[in-house]
Structure formats: C-alpha cells, structure tokens
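Comments concern the structure below.
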Amino acid sequence: DIDAAKKKGADWLRAKYKSAPTNFGGDSNGPGPMCMAGLAMLEAGVPGDDPAVKAVTAAIREVGWTQTRTYPASLCLLYLDRYGDPADVPLIQLLGLRLLMGQTSNGGWGYD
C-alpha cells in the first residue's frame with residue numbers, strides 16, 4: 001500500500017511539473033513548493049533523467065541565483081544537494097552563504 005501511494009503521489013507530481021515555472025509572480029513562497037515537489041519525486045525514486053525532475057532542476061538552477069528569502073533559498077539548496085550534481089556546488093555554496101549571512105544574533109532567521 002505504501003509503495004502504491006508513493007507511486008500515485010509521484011505520478012501526480014510528475015504530471016504537474018512536466019514543465020516547471022520560473023516566474024512566480026507575487027507568490028511569496030517563490031520556488032519553495034516546486035523544490036518540495038522535486039524533493040518528493042526524488043525521494044519516491046523518480047530518476048533524475050525524468051522529464052519532470054529535469055524541468056524542476058532546470059527551473060531551480062535558473063531562479064536559485066536570485067533567491068534571498070530564507071524559505072525559498074533553503075529549499076533550493078536542499079533540492080540541489082539532494083539532486084547531487086557536482087556542477088551545482090557553486091549555487092549551493094552561494095545559497096548557503098546567503099543563509100549564513102541572514103542568520104540573526106540569536107541563531108535564528110527571519111523571512112528575508
């Protein structure tokens with residue numbers, strides 16, 4: 001039952017993200033939901049060469065460079081790290097640095 005549920009969820013995400021957006025308009029979550037969908041697909045066993053995973057990866061690579069809000073930046077970082085392409089290391093490092101620089105004196109983060 002669990003495997004069937006994972007496959008059903010992954011199939012739904014694959015259909016939804018076969019072409020991933022790079023313009024999120026006024027959505028304050030930006031690419032965050034897309035990153036979570038990509039992570040879910042990878043964790044469900046969808047391969048990196050699947051068209052939906054490729055679309056999500058390309059979109060995250062494009063928008064990741066401009067992310068300055070904590071939630072979207074951290075999710076772009078998590079997705080790219082899980083995807084595991086060494087070519088993404090510079091973007092992962094940039095996102096990590098932005099998160100480090102945004103850390104408050106008490107050890108937490110704000111939204112921006």
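Answer yes or no as to whether A10 is open to solvent by less than 50 Å² (accessible area, probe 1.4 Å), more than 13 Å from the chain's Cα centre (by Cα) and over 22 Å from Q103 (Cα atoms).
yes
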Subject >> segment 94-112, residues that are over 11 Å from L77 (Cα atoms), open to solvent by 40 Å² or more (accessible area, probe 1.4 Å) and touching a residue at least 24 places away in the same chain (Cβ under 8 Å) >> reply: W109, Y111, D112
Original post:
Can you pull out the residues in segment 13-35 that are surrounded by 12 or more Cβ atoms within 10 Å (Cβ to Cβ), without any contact (Cβ under 8 Å) to a residue 40 or more places away in the chain, of a type in the set (A, V, I, L, M, F, W, C) and part of a helix (DSSP H, G or I)?
Top reply: L13, M34
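The rows are residues; the columns are (1) assigned to a helix (DSSP H, G or I); (2) of a type in the set (S, T, N, Q).
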{"position": "P47", "(1), (2)": "no, no"}
{"position": "A59", "(1), (2)": "yes, no"}
{"position": "T68", "(1), (2)": "no, yes"}
{"position": "N106", "(1), (2)": "no, yes"}
Original post:
What's the number of the condition L39 fails, among (1) hydrophobic (A, V, I, L, M, F, W, C); (2) loosely packed, with under 14 Cβ neighbours inside 10 Å; (3) within 18 Å of L91 (Cβ to Cβ)?
Top reply: (2)
Subject >> Given (1) out of contact with any Lys or Arg (no Cβ under 8 Å at 6 or more places or on another chain); (2) closer than 27 Å to G110 by Cβ, number of the condition L39 does not satisfy >> reply: (1)
**OP:** Name the single residue, out of those in segment 61-87 being at pLDDT 95 or above, open to solvent by 90 Å² or more (accessible area, probe 1.4 Å) and charged (D, E, K, R), that is farthest from G45 (Cα to Cα).
**Re:** D81
Subject >> Every residue from segment 48-66 that is over 19 Å from G96 (Cα atoms) and touching a helix residue (DSSP H, G or I) at 6+ places or on another chain (Cβ under 7 Å) >> reply: G48, D50, A52, V53, V56
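The values are calculated or read from the model by the stated rules, or taken from the named source; none is laboratory data. Quick caveat: nothing in here was measured; it's all calculated off a predicted structure. As a convention, Cβ positions derive from the backbone with ideal geometry for all residues, glycine included, and neighbour counts pool all protein chains shown. Protein only, heavy atoms only, side chains kept; ligands, DNA and RNA dropped before computing areas. Shrake-Rupley method; radii C 1.70, N 1.55, O 1.52, S 1.80 Å.
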